[in-house]
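Chemist: Quick one: this structure, given as structure tokens, is what I'll be asking you about.
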Amino acid sequence: MNTKGGVHSEFTIMKEAENSYYLVSAGANLRLDHDWIQKWMPDDGSVIFEDLTNSTGVLVVAGPKARQLMQKVSTDDFSNENFKWLTAKNVNVGYAPVNAMRVNFVGELGWELHHPIEYQNHIFDKLMEAGKDLGIKPFGIRAMNSLRVEKSYKLVGTELSIEYSPYESGLDRFVHPNKGNFIGLEALNKWREKGFDNKLVTLEVHNTKDADVLGNNPIFKDGKVVGRATGGEFGFRLDKSIALAMVKPDCSNVGDKLQVDILGEIYDATVLDESPYDSKNNLLRA
């Protein structure tokens, strides 16, 4: 968080060893995040910060056949018993050393493969060759966006922002105000006492035509603006048009009926339970 209690950044943090941590954040926020870390580091030399951005690459393997693929390209054990969800291991892919993390941003069984950048072409070629008979395909940012909104996964700068407290962004389970002092705690407590103006919701948008919510679309209830969409896309697994939105708390209950403007046309929308695709994370844990 920042000192005002808003959400500044979001990281995956892996403990490599005692007192050694590997941090991953959004590529677009590189300068912002490095600046934040260095501003808050102690200046007594007790903490060393090493920028690995240009020397490290990441490829994401995700989908129901991810384990089959990884077992074809590696001699390591990717079974659920040996490689549990939200853990990481050093493995090999072909001739390449890889830090494999069992996490992803698309809500499927899968791994992030972090590697020295000079091995990237070798790893990519190995995956594509071994995955031919599994139907492997490369996917990009628009596909990822479609998949992440079906899981209600939040992005820094849209659903997560210095405009919103972590409580408004649905991060309640990650906030522990009684653990001791931390950056933003005082401001967050004052904000909580005053009350929150927004709540993040997942919406199904009904009867869309040739466009879906993109972000910053106004949200209405009974003709009055009650919030704005932060992101959206067609969800092909759900076969529904999905949007994430910040709305007034009294419009945020599951089943509430709202309206959203898409390119000047008004569409009905319904508040859904969070993470409408695989809400129990059974696929991630498979």
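The values are calculated or read from the model by the stated rules, or taken from the named source; none is laboratory data. Model, not experiment: these values are computed from the prediction. Virtual Cβ from ideal backbone geometry, glycine too; neighbours counted across all protein chains shown.
One line per residue, one yes/no per condition, for (1) modelled with pLDDT of 95 or more; (2) part of a helix (DSSP H, G or I); (3) buried (at least 18 other Cβ atoms within 10 Å of the Cβ):
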{"site": "ALA143", "(1), (2), (3)": "yes, yes, no"}
{"site": "VAL149", "(1), (2), (3)": "yes, yes, yes"}
{"site": "LYS154", "(1), (2), (3)": "yes, no, yes"}
{"site": "SER165", "(1), (2), (3)": "yes, no, yes"}
{"site": "GLY170", "(1), (2), (3)": "yes, no, yes"}
{"site": "ASN178", "(1), (2), (3)": "no, no, no"}
{"site": "LEU188", "(1), (2), (3)": "yes, yes, yes"}
{"site": "TRP191", "(1), (2), (3)": "yes, yes, yes"}
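Chemist: If you check ILE242, ILE183, which single one turns out to be under 28 Å from ASN2 (Cα atoms), touching a residue at least 60 places away in the same chain (Cβ under 8 Å) and under 25 Å from the mean Cα position of the chain (by Cα)?
Modeler: Step by step, each of ILE242, ILE183 is checked, and only ILE183 is under 28 Å from ASN2 (Cα atoms), touching a residue at least 60 places away in the same chain (Cβ under 8 Å) and under 25 Å from the mean Cα position of the chain (by Cα).
Chemist: Hey, does segment 235-252 have a residue that's loosely packed, with under 14 Cβ neighbours inside 10 Å, out of contact with any Ser or Thr (no Cβ under 7 Å at 6 or more places or on another chain) and in a strand (DSSP E or B)?
Modeler: Within segment 235-252 (the criterion being loosely packed, with under 14 Cβ neighbours inside 10 Å, out of contact with any Ser or Thr (no Cβ under 7 Å at 6 or more places or on another chain) and in a strand (DSSP E or B)), the answer is no, since none of the residues qualifies.
Chemist: Related question: Filter segment 83-123 down to residues that are farther than 24 Å from GLU274 by Cβ, hydrophobic (A, V, I, L, M, F, W, C) and surrounded by 16 or more Cβ atoms within 10 Å (Cβ to Cβ), then give me how many there are.
Modeler: Here the count works out to 10.
Chemist: Further, regarding this structure: Going by the structure shown, is TYR267 assigned by TED's automatic domain parsing to the domain that holds GLY215 and either of a type in the set (Lys, Arg) or at negative phi (or both)?
Modeler: Taking the combined requirement at face value, the residue satisfies it.
Chemist: Select from segment 253-282 the residues that are in a strand (DSSP E or B), free of Cβ contacts under 8 Å to residues at least 60 places away in the same chain and surrounded by 13 or more Cβ atoms within 10 Å (Cβ to Cβ) and list them in ascending order.
Modeler: Hits for segment 253-282 are LEU258, GLN259, VAL260, ASP261, ILE262.
Chemist: Filter segment 40-83 down to residues that are among the small types (Gly, Ala, Ser), in the same structural domain as HIS115 (by TED's automatic domain parsing) and assigned to a loop (DSSP other than H, G, I, E, B) and give me whichever is nearest to GLY107 (Cα to Cα).
Modeler: Restricting to residues being among the small types (Gly, Ala, Ser), in the same structural domain as HIS115 (by TED's automatic domain parsing) and assigned to a loop (DSSP other than H, G, I, E, B), the top hit is GLY63.
Chemist: List every residue pair whose Cβ atoms sit under 7 Å apart, with the two residues 6 or more apart in sequence or on different chains, where the first one lies in segment 149-168 and is at positive phi and the second, anywhere, is crowded, with 22+ Cβ neighbours inside 10 Å.
Modeler: Final answer for the pair search is SER152/THR202; SER152/LEU244.
Chemist: Any residue that is of a type outside the set (D, E, K, R), within 22 Å of PHE105 (Cα to Cα), part of a strand (DSSP E or B) and out of contact with any Leu (no Cβ under 9 Å at 6 or more places or on another chain) - is there at least one of those in segment 207-226?
Modeler: Among the residues of segment 207-226, not one is of a type outside the set (D, E, K, R), within 22 Å of PHE105 (Cα to Cα), part of a strand (DSSP E or B) and out of contact with any Leu (no Cβ under 9 Å at 6 or more places or on another chain), which makes the answer no.
Chemist: Follow-up. Just name the residue that is surrounded by the fewest Cβ atoms within 10 Å (Cβ to Cβ) out of those in segment 1-35 that are within 20 Å of PHE174 (Cα to Cα) and among the hydrophobic types (A, V, I, L, M, F, W, C).
Modeler: Here the residue is ILE13.
Chemist: Shifting gears a bit: Regarding SER55, is this residue surrounded by fewer than 15 Cβ atoms within 10 Å (Cβ to Cβ), touching a residue at least 12 places away in the same chain (Cβ under 8 Å) and of a type in the set (Ser, Thr, Tyr)?
Modeler: Yes.
Chemist: Within segment 93-113, work out how many residues are out of contact with any Ser or Thr (no Cβ under 6 Å at 6 or more places or on another chain) and assigned to a strand (DSSP E or B).
Modeler: Final tally of qualifying residues: 10.
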